[in-house]
Amino acid sequence: MVLAVIMLSSCVAPGSDGRQVVGSVKLGADLPLSGDDAQDGLPVEHAIDLAITQAGLVCGAASHRNQCVQLKAAPYDDVNKGIHDPARGANNVQTLAADAAVIGVIGPLYDSLARSELPVASAANLAMVSPAVTDECLTQEPPDGHCKGLSARLRTRGMNDFFRVVTTELVEGTAAADLAFNRLGKRSAFIVNDQSAFGQSLGRIFGERFTKDGGTVVDPSDLGAFDPNRAPDFNARVDRAKELAAEVVYYAGADIGSAGALRRAMIARALLVPLVGPHPLANSQFARLAGDSARGSYYTIVGPHPASIRSAASFLRDYRRTYGQEASAVSLAAFDATNVVIRAVARAIDDAGGRVPTREQVLTEIGSTSGDSGAMGVMSFDAHGDTSLKLISTYQWLASTQPSGDFVAQLAG
């Protein structure tokens, strides 16, 4: 009986050179696993499973290399009536938080779910690592005040427990400026913005970076503001850009219809220069609205372009071999997010003296992630939970009939 108790309390992993399994923990995941959004969530679930499988037993990182825990995935579906649902997501996180074995969560994939889930996770000291959300207001309070203190309100304990391995959408402005100046070789830019918080911030950031790169923003007085509530008429703006010899136009806004109208006006009025814009221009509807004028339009998207990242090659090969399909950008990000947590658990085992780490110890170690080498590259988290690896992918429309643009370059904002 004594022998049985000893074996149950500290199992020696067979064939593992004396490593002891001191317990088991769970890594939760809140993802869209059914309905229309399953195409986003299932590849992420696959990447999480692959990372956990490859890790095997998670053992202490340094001082307790022979003390290990078994890590299991605990995925929950946040879909309700066919689409992702913030209330369902919050309930999922509440369920995960109530399970003492859950030491962290991968997800969510959408900004709206992050806003509903963060307060729940914060109250439970539960770390969340997202591979996809890009809203700057979840982690930052920009000087212009457009976030209105959201980040602080979401953290009910005043401490950060939310992290992301992709950057924010405002970094698209920085990357777009680098694309225009360094890749396209343009030296003068004209900005058009829709006067939304998103548009004004993007326009300002683009202008600052383009100027820093060595370019000139022509007519920067109002960053080309237009009224998005009126029928788009960009003739005067286009004529002004042409008069000032602008070599590139940057569209800082979210409305696809306005972007299409701007591009048509540029071509119609013989302003034959590139149009560069943020991720809304990735929608094929933009290309259809722009018609034959779509060619020569560029857009940026937050996140990696997996095929262009050398360090991602082994992950892409393993994912293809395991699941019989190519990994998506969010799959790659999810793989790195999972491994960030796995390595944090290893360090937390040391912190716990070789015992099963607490949720708080894992949270602390995730927050201290620095110089972590993942499939996307080397990254660290800042005090707000934002990554230092600010990857932006850029694309070009070549025809209005394309389902998506052609890849141009992977940039770091």
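Using a ≥ b ≥ c from the Cα gyration tensor of the chain (square roots of the eigenvalues), is it rounded, prolate or oblate, where a/c under 1.5 gives rounded and otherwise the larger of a/b and b/c decides, a/b for prolate?
It comes out prolate by the Cα gyration axes.
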Net lengthening on full extension, residue 94/residue 320 (0.36 nm per residue, minus Cα-Cα)
78.0 nm
Name the residues whose placed amide hydrogens come within less than 5 Å of the amide hydrogen of residue 78, ignoring near sequence neighbours (fewer than 5 apart) on the same chain.
31, 33
Dipole magnitude of segment 207-361 about its Cα centre, charges +1 at Lys/Arg Cβ and -1 at Asp/Glu Cβ only, in debye to the nearest 20?
520 debye
Taking Cα atoms, how many degrees apart are the long axis of helix 86-98 and the longest axis of the chain, rounded to 10 and kept between 0 and 90?
20 degrees
Which of the peptides 258-266, 386-394, 154-162 is most tightly packed, and how do the rest follow, going by the mean number of other Cβ atoms within 10 Å of each residue?
258-266, 386-394, 154-162
Hull-based mean projected area of segment 86-157, where the convex hull spans the alpha carbons, in square nanometres
4.6 nm²
Lys pairs in the chain with Cα under 25 Å (8 or more apart in sequence, or on separate chains) total 7
Output the 0 to 90 degree angle, nearest 10, between the alpha-carbon long axis of helix 256-268 and the longest principal axis computed from the alpha carbons of the chain.
40 degrees
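Give the Rg/Rh ratio for segment 273-413, taking Rg as the radius of gyration of the Cα atoms and Rh as the Kirkwood radius, to two decimals.
The Rg/Rh ratio comes out at 1.11.
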If every Lys and Arg gets +1 and every Asp and Glu gets -1 at its Cβ, then about the Cα centre segment 131-280 yields a dipole, in debye to the nearest 20, of 160 debye
Sum -39500 (n - 2.57) across every DSSP H segment of at least 4 residues in the chain, then divide by the residue count to get the 222 nm mean residue ellipticity, nearest 500.
-11500 deg cm²/dmol
Extension gain residue 53-residue 17, at 0.36 nm per residue separation less the Cα-Cα distance, in nm?
11.0 nm
With θ set to phi - 60°, apply the Karplus curve 6.51 cos²θ - 1.76 cosθ + 1.60 along segment 75-83 and write out the HN-Hα couplings as whole Hz, x wherever there is a Gly or Pro.
x, 10, 8, 9, 8, 9, 6, x, 9
Can you tell me the order of 138-150, 232-244 when each peptide is scored by its average per-residue count of other Cβ atoms within 10 angstrom, highest first?
232-244, 138-150
Identify the residues of segment 291-315 with backbone N under 13 Å of a label point that sits 7 angstrom from the Cα of residue 401 along the Cα-to-Cβ direction, or state none.
292
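Read the figures in this text as sums done on the coordinates, not as results from a lab. Note that this is a predicted model, so its numbers are computed, not measured. As a convention, Cβ positions derive from the backbone with ideal geometry for all residues, glycine included, and neighbour counts pool all protein chains shown.
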